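In what follows, a structure is listed as structure tokens, so that the remarks can point back to it.
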Amino acid sequence: MYKENKILSFIDARSGSKSLKNKNIIDFAGKPLINWTIEASINSKFIDCTIVSTESSEIAGIAELAGAEIPFLRPLELSGDEVPLIIPIKHGIRWLRENNMITFDYIVNLLPTCPLRTTEHIDKAIEYYFQNKKTDEDALVSVKRLP
């Protein structure tokens, strides 16, 4: 929570990668790739809930062992590579509201393919957002300039 704002961490981890099969759960430095993101999220001092949205029971099992919540398995029709990310996010928000009677004020979308992002990065981004936002419609997206 950040100043009375409940924050959901949403990790989208579908299984259907065309370029690298099962990329979200391949071994990266001794653990499944997704675990790095889950651990960074769980250790955040501001994130209230970390969920993984996936259609894969294998990914769900790995994510749950890492400490993430898996309140649902995402429908297959929301898991294709042509489905915009906002669709699974809206599905997850609606599911949590209708089935768990829980809502959040803000969502932090964390990609499971960014294992070098740390808890400190997440917390600094959340602090930066709240210190600099001008309207409730503002968003923060992190980017890195490539050489």
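Simple spin-label estimate for Asn43 and Lys18 gives 3.6 nm between the two label positions (7 Å along the Cα-to-Cβ direction from each Cα). Averaged per residue, the chain has 61 square angstrom of accessible surface, using a 1.4 angstrom probe with ligands and nucleic acids left out. Protection proxy ranking for 110-123, 34-47, using the average of other Cβ atoms within 10 Å per residue and placing the highest first: 34-47, 110-123. DSSP finds beta bridges in the chain, and of those with both partners inside it, around 20 percent are antiparallel.
State the label only: which of (i) 1.16; (ii) 1.03; (iii) 1.61 corresponds to Cα Rg over 2.2 N^0.38 Å computed from the shown model? Computed from the coordinates, Cα Rg over 2.2 N^0.38 Å corresponds to (ii).
How much FRET efficiency would the formula 1/(1 + (r/R0)^6) give for Glu77 and Met101, where r is the Cβ-Cβ distance and R0 is 30 Å, rounded to 0.05?
E(calc), rounded to 0.05, equals 0.75.
Of all the accessible heavy-atom surface of the chain, with the other protein chains kept in place and a 1.4 Å probe, what percent is carbon and sulfur? Before the final figure, lay out each step's value.
Values: 4860 of 9020 Å².
Here it works out to 54 percent.
Phi-derived couplings, Karplus 6.51 cos²θ - 1.76 cosθ + 1.60 at θ = phi - 60°, listed residue by residue for the range 27-34: 5, 9, 6, x, 8, x, 3, 4 Hz, with x used for Gly and Pro.
Note on the range 50-91: Cα-only Rg and Dmax are 10.3, 29 Å.
List the relative contact order of the chain as a percent without decimals, with contacts defined as Cα pairs under 8 Å and 6+ residues apart.
Details: 213 pairs, mean separation 47.8, N = 147.
Answer for the chain is 33 percent.
The residues packed around Ala63, meaning those with a beta-carbon under 13 Å from its beta-carbon, carry a net charge of -3 if Lys and Arg are +1 and Asp and Glu are -1.
Rounded, prolate or oblate: which one fits the range 1-58, using the alpha carbon gyration tensor with axes a ≥ b ≥ c (rounded when a/c is under 1.5, else prolate when a/b beats b/c, else oblate)? Taking the square roots of the gyration eigenvalues as a ≥ b ≥ c, the range 1-58 is prolate. The Cβ shell under 13 Å around Arg117 holds other residues with a net charge of -1, Lys and Arg each +1, Asp and Glu each -1. Relative contact order of the range 4-51: 49 percent, from C-alpha pairs under 8 Å at least 6 residues apart in sequence.
For Trp95, what charge total do you get from the other residues with a beta carbon under 12 Å from its beta carbon, if Lys and Arg give +1 and Asp and Glu give -1? Here the charged neighbours net out to +2.
Residue ranges 1-10, 133-142, 93-102 sort as 1-10, 93-102, 133-142 when ordered by packing (mean number of other C-beta atoms within 10 Å per residue, highest first). Relative to the current alpha-carbon distance between Asp27 and Thr118, full extension at 0.36 nm per residue lengthens the span by 31.0 nm. Within the straight-line cut-off of under 30 Å between alpha carbons, the lysines reachable from Lys18 are Lys31, Lys90, Lys144, sequence neighbours fewer than 8 places apart in one chain being disregarded.
The values are calculated or read from the model by the stated rules, or taken from the named source; none is laboratory data. In this text, all values refer to a predicted model and were calculated from it rather than measured experimentally. Positions of Cβ are backbone-derived with ideal geometry, glycine not excepted, and every protein chain shown enters the neighbour counts. Side chains are part of the model used for accessible areas, which takes the heavy atoms of the whole protein and leaves out ligands, DNA and RNA. Shrake-Rupley method; radii C 1.70, N 1.55, O 1.52, S 1.80 Å.
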